[in-house]
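Comments concern the structure below.
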Amino acid sequence: MDLRRLTLLPDPLKNAFLGWIDPIADSLIRAGLTPNRITTLSIIVLLASGAAFGLGALHLGGFLLLVSGIFDLLDGKVARRTGLESKFGAFYDSSMDRLGEGVLFTGIAIFYMASAIRSSGERLPVLALGLCFSSLIGAFLVSYTRARAEGLGLEAKVGVAQRAERIVFLGVPTTLFGAGPGGWLLLGILSWLTFVSWITVWQRIAHVYRITRDERPEPKASVPRPVAGPAVKGTVP
């Protein structure tokens, strides 16, 4: 058995599903939706899925996760069919995938913690867990957006809270004061780091958009299909 070719879903099943969503892609193209807008729809649905898991609505969370996966496939199909593939589109799609997955698994973690402590009525651990994951996702995306941009031949060293700033703002207060009374100092630091990390992510996405917007390709012109007509005598039908 060649483990390199082993997948959870067999190729015939994948191909059948991709063929099934082709008409949906055609409908989105006719509706004038661009690939980046479809990516945005995908991430909104995926964020809603994470929220549903966190609130204990597991059936809704699973359904929204599947819907977001369909949108995630459709943005690439629409981009290829319309000729709207771009560096920013690749950057945006990859970055939003990381964001969505982070929020999804954060929601699942919160569901399990909330289930474990629901009887005690204590809310601080759930809040702290949510902030930890949110800060983790933000920190991860700060690094990822820069690496993804550089992989596309772009520069993205902008932002108010790069790694050095995060280390200093977390390390110095905790070295001096620990978690603070009742753990609230550390919780406040996490809140601040979460905020500035997400500001940095937004700055880098906006920066990559600005430096690539002049490179965005023109959409492909639709080529009319030849219409079969009656054969004319003396010509090849």
* Structure fact -> The residue that is most open to solvent (accessible area, probe 1.4 Å), considering only those in the stretch 25-74 that are within 24 Å of Phe111 (Cα to Cα) and not in a helix (DSSP H, G or I), is Leu55
* Close pairs (8 angstrom Cβ cut-off, 6 or more residues apart or separate chains): closer than 16 Å to Ile205 by Cβ in the stretch 72-94, among the charged types (D, E, K, R) and not in a helix (DSSP H, G or I) anywhere -> Ser86/Arg216; Phe88/Arg216
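In the stretch 179-197, what residues are assigned to a helix (DSSP H, G or I) and either among the small types (Gly, Ala, Ser) or over 32 Å from the mean Cα position of the chain (by Cα) (or both)?
Pro181, Gly182, Gly183, Gly188, Ser191, Ser197
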* Asked: In this structure, does Leu84 turn out to be within 20 Å of the chain's Cα centre (by Cα) and either small (Gly, Ala, Ser) or assigned to a loop (DSSP other than H, G, I, E, B) (or both)?
  -> yes
* Asked: Which one is modelled with the lowest pLDDT, of the residues in the stretch 130-178 that are more than 19 Å from Thr194 (Cα to Cα) and part of a helix (DSSP H, G or I)?
  -> Thr175
* Structure fact -> Only one of (1) under 20 Å from the mean Cα position of the chain (by Cα); (2) farther than 30 Å from Asp214 by Cα; (3) among the basic types (Lys, Arg) does not apply to Arg166, and that is (1)
* Within the bounds of the stretch 92-101, is there any residue that is within 21 Å of the chain's Cα centre (by Cα), at pLDDT 80 or above, acidic (Asp, Glu) and more than 19 Å from Ala52 (Cβ to Cβ)? -> yes
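Residue by residue, here is whether (1) surrounded by 15 or more Cβ atoms within 10 Å (Cβ to Cβ); (2) touching a residue at least 12 places away in the same chain (Cβ under 8 Å); (3) under 23 Å from Pro125 (Cβ atoms) holds:
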position: Leu141; (1), (2), (3): yes, yes, no
position: Arg148; (1), (2), (3): yes, yes, no
position: Gln162; (1), (2), (3): yes, yes, no
position: Pro173; (1), (2), (3): yes, yes, yes
position: Trp184; (1), (2), (3): no, no, yes
position: Leu187; (1), (2), (3): yes, yes, yes
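The values are calculated or read from the model by the stated rules, or taken from the named source; none is laboratory data. Computed from a predicted model, the values in this text were never measured in an experiment. Virtual Cβ from ideal backbone geometry, glycine too; neighbours counted across all protein chains shown. Calculation scope for accessible area: heavy atoms of the full protein, side chains included, ligands and nucleic acids excluded. Shrake-Rupley method; radii C 1.70, N 1.55, O 1.52, S 1.80 Å.
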